[in-house]
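Asker: Below you'll find the structure I mean.
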Amino acid sequence: MDGGDEGSSVTASHKTVELIRDSAAVVDLTGKVHQLPCCIKYDGPTSVSDYFKPKSTDMEVDGLKVEEAHFRGRKLHGTTIALPEGYSGFILGKKSPEEKNPDCWETRATSRNVTVWNHDDVPSKDDAFVRAFHWFAVSKTLHQTVTAEDLESTCID
Amino acid sequence: MAWWEGVDETRILIAPDPSTSGKHVGHFLSLRHPKTGNTTCYLYCDGVLQELHWFKQSYGSWFFGDYVCEVLGLPHTDGRLYTATPVDPVFILLPIFEEARMKVRQLKQTLPTLGNNYAARDEKDTRML
């Protein structure tokens, strides 16, 4: 009996995440995911799109197209970073602990890009947030399967 | 229905696209980090082991459409940018095999007949690989 209970509890207590794409049940927020350079002391729904209206500019820095917007009277400069090929941004939601399966995160919305905003500076390739995206290329190089051609091309003899 | 209905907490995770449309369940596994040996959270989805990283700045918040998410503030908020990227399982398994090999050597010296039992490891998450 103990064995049976343990088996099921291991499965039930397992933390999981449901990743979903191309589904009517999931909202596409591409172009509407913004990283703001300030703490907003609030967490929850609000009418962002009525007040936060990014505009594109003619400016380009380090190959990044600069956008501008205003938040609480301050001018922000931002740039939209496309996610690497084969990746998506998943906005996950966890239900209240009272509901069943509290350790499961569900995909509620997805995005193909992220817009990063600076207050004082225009965006640059040296911004920490922009550089954080270098990890995807590094990780790919580190972990992708090595083919026979790769070995041949790196062979020094 | 708005996407945040019934949701208590939100997170943002950049992860590989699932191979097909529809629901793909990823399992969070606790495995030993190959360098430190500490228990580290990995994600196993679509038959691919992925490592989790996060990035945050001192001050930040998210707009997810018509939703605000604070990066770190209220106890239940966590707006760090999480990423999941594929990791070669060899990195995870090598230290475990290495340790098992040393054990076998010791066992064979003391109890030659028990040498074959080393394979029974107690790490249930490792078995899923």
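Rule-based calculations on the coordinates, nothing more; no lab input. Because the structure is predicted, anything quoted here is derived from the model rather than measured. Counting neighbours? That spans all protein chains shown, and the Cβs are built from the backbone with ideal geometry, glycine included.
Asker: Too long at a 18 Å Cα-Cα cut-off: which of A:K15/B:K23; A:K32/A:K55; A:K65/B:K56; A:K41/B:K56; A:K15/B:K35; A:K55/A:K75? Show your work: numbers first, answer last.
Answerer: Numbers: A:K15/B:K23 16 Å; A:K32/A:K55 13 Å; A:K65/B:K56 23 Å; A:K41/B:K56 16 Å; A:K15/B:K35 24 Å; A:K55/A:K75 11 Å.
Beyond 18 Å: A:K65/B:K56; A:K15/B:K35.
Asker: Suppose the chain between B:A2 and B:H33 were pulled fully straight at 0.36 nm per residue; how much longer would it get relative to their current alpha carbon spacing?
Answerer: Details: separation 31, 0.36 × 31 = 11.16 nm, distance 3.88 nm.
Stretched out fully, the B:A2 to B:H33 stretch lengthens by 7.3 nm.
Asker: Which distance in nm do the two modelled labels at A:R112 and A:H134 give, with both placed 7 Å along the Cα-to-Cβ direction?
Answerer: It is 2.7 nm.
Asker: How large is the direction-averaged shadow of the alpha-carbon convex hull of segment A:16-117, in nm²?
Answerer: Working: hull surface 34.5 nm².
Averaging across all directions leaves 8.6 nm² for the Cα convex hull.
Asker: Over segment A:16-117, what is the relative contact order in percent, taking alpha-carbon pairs closer than 8 angstrom and at least six residues apart? Can you show the working numbers first?
Answerer: Numbers: 164 pairs, mean separation 41.1, N = 102.
40 percent.
Asker: Around A:L36, with a cut-off of 11 angstrom between Cβ atoms, what is the net charge of the other residues, counting Lys and Arg +1 and Asp and Glu -1?
Answerer: Numbers: positive: A:R72, A:R74; negative: B:E70.
Charge balance in the 11 Å sphere: +1.
Asker: In µm²/s, what is D for segment B:1-102 at 37 °C and 0.692 mPa s, where D = kT/(6 pi eta Rh) by Stokes-Einstein and Rh is the Kirkwood radius from Cα pairs? Don't skip to the answer; put the middle values down first.
Answerer: Details: Rh = 16.0 Å.
In µm²/s, the coefficient rounds to 205.
Asker: Next up: Stretched out fully, how many nm does the piece from A:T46 to A:A82 gain, at 0.36 nm a residue minus the Cα gap? Working shown, then result.
Answerer: Numbers: separation 36, 0.36 × 36 = 12.96 nm, distance 2.51 nm.
Result for the pair: 10.5 nm of gain on full extension.
Asker: Here's another thing I want to ask about it. Looking only at A:G89, A:G63, A:G73, which one moves most when chain A is put into a Gaussian network model with springs between Cα atoms under 10 Å?
Answerer: The residue with the greatest mean-square fluctuation here is A:G73.
Asker: Arrange the following residues from fewest to most other Cβ atoms within 10 Å of their Cβ: B:M102, A:M59. Numbers along the way, then the final one.
Answerer: Working: B:M102 11, A:M59 14.
So the ranking, lowest neighbour count to highest, is B:M102, A:M59.
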